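Below you'll find the structure, written out as structure tokens, and then a few comments.
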Amino acid sequence: MLVDRARPVSREVVAELCELAQWAPNHKRTWPWRFAVADGDGRARLGDTIADAMEAHGDPAEKVAKTRTKYLRTPATLVVGSAAGDSPLRSAENRDATAAGVQNILLAATATGLASYWGSCPKGANDAVAALCGFEPGTHIAALIYLGWATEGVVAPERPQVHLHIID
Ligand SMILES: Cc1cc2nc3c(=O)[nH]c(=O)nc-3n(C[C@H](O)[C@H](O)[C@H](O)COP(=O)(O)O)c2cc1C
């Protein structure tokens with residue numbers, strides 16, 4: 001999907017998307033979602049933080065350089081973290097709740113006219129991104145969501161046919 005790079009995505013709109021994320025199911029109501037938005041100059045800081053971590057991790061220079069400017073492609077990037085739980089099971093459930101919240105964000109963004117894209121936090125950059133965002137240590141970065149006002153749609157690839165197993 002193409003976006004209008006000159007049209008800002010307001011923090012109010014982003015905050016509304018975050019509000020909707022919190023309506024996802026959440027076992028034990030642990031409220032695991034953590035949110036941070038990079039817009040304006042914050043996008044370059046996000047890119048530099050990730051690129052520095054990738055460099056330290058030994059990633060190729062070309063890949064590192066590309067990452068520095070990656071988040072300038074859309075007006076805003078929403079970082080969604082999932083807080084650690086008090087057991088491995090709870091942490092896993094928190095991540096599931098966070099993923100469900102991210103899907104709420106993507107659906108709401110589309111309904112609002114925003115193009116969105118779910119990207120992962122590159123390998124080795126999780127803790128640096130969490131620190132940049134002000135999230136607690138141990139927070140898993142679940143999504144980097146690119147956001148911009150859509151100018152035109154793209155054709156979505158076909159999905160495989162569903163095979164529904166029957167338990168009898
Ligand atoms: C947890 C998760 C992480 C993802 N990380 C990336 C990523 O880092 N880079 C990427 O190109 N696509 C990533 N994707 C995939 C895209 O967000 C998108 O779903 C995919 O390109 C399929 O597009 P479609 O839904 O239009 O078919 C990720 C998806 C999920 C669910």
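Per residue, how big is the convex hull of the chain when only Cα atoms are used? Give it in Å³.
For the chain, the hull spanned by Cα atoms encloses 163 Å³ per residue.
Does a label point 7 Å from the Cα of ARG5, set along Cα-to-beta-carbon, have any residues of segment 13-50 with amide nitrogen under 14 Å, and which are they?
In segment 13-50, the label zone of ARG5 (backbone N under 14 Å from the point 7 Å along Cα→Cβ) covers 40, 44.
If I take all pairs of Cα atoms in segment 83-168, what percentage of them are more than 15 Å from each other?
In whole percent, the long-distance tail amounts to 71.
Looking at the square roots a ≥ b ≥ c of the eigenvalues of the Cα gyration tensor of segment 50-131, which shape do they give, rounded for a/c under 1.5, prolate if a/b is larger than b/c, or oblate?
Because a/c hits 1.5 or more and a/b fails to exceed b/c, segment 50-131 counts as oblate.
How high is the relative contact order of the chain, in percent, with contacts defined as C-alpha pairs under 8 Å that are six or more residues apart?
34 percent
Please list, by residue number, everything in segment 31-61 whose backbone N is under 15 Å from a paramagnetic label point 7 Å out along Cα→Cβ of SER120.
54
What accessible area per residue comes out for the chain, rounded to a whole number of Å², with a 1.4 Å probe?
61 Å²
Report, in whole Å, the centroid distance computed from the Cα atoms of segment 147-165 and segment 71-128.
One Cα centre to the other: 19 Å.
For ARG29 and VAL154, FRET efficiency with R0 = 41 Å and r from the beta-carbon atoms, rounded to 0.05?
E between VAL154 and ARG29, to the nearest 0.05, is 0.65.
Over the chain, what percent of the accessible surface lies on carbon and sulfur atoms, probe 1.4 Å?
C and S atoms contribute 55 percent here.
Can you give me the relative contact order of segment 32-99 as a percent, contacts being Cα pairs under 8 Å and 6 or more apart?
45 percent
The values are calculated or read from the model by the stated rules, or taken from the named source; none is laboratory data. Being a predicted model, the structure only gives us computed values, none of them experimental. Reconstructed Cβ throughout: ideal geometry from the backbone, glycine too, with neighbour counts over all protein chains shown. We work out accessible area using only protein heavy atoms, side chains counted, and drop any ligands, DNA or RNA first. Shrake-Rupley method; radii C 1.70, N 1.55, O 1.52, S 1.80 Å.
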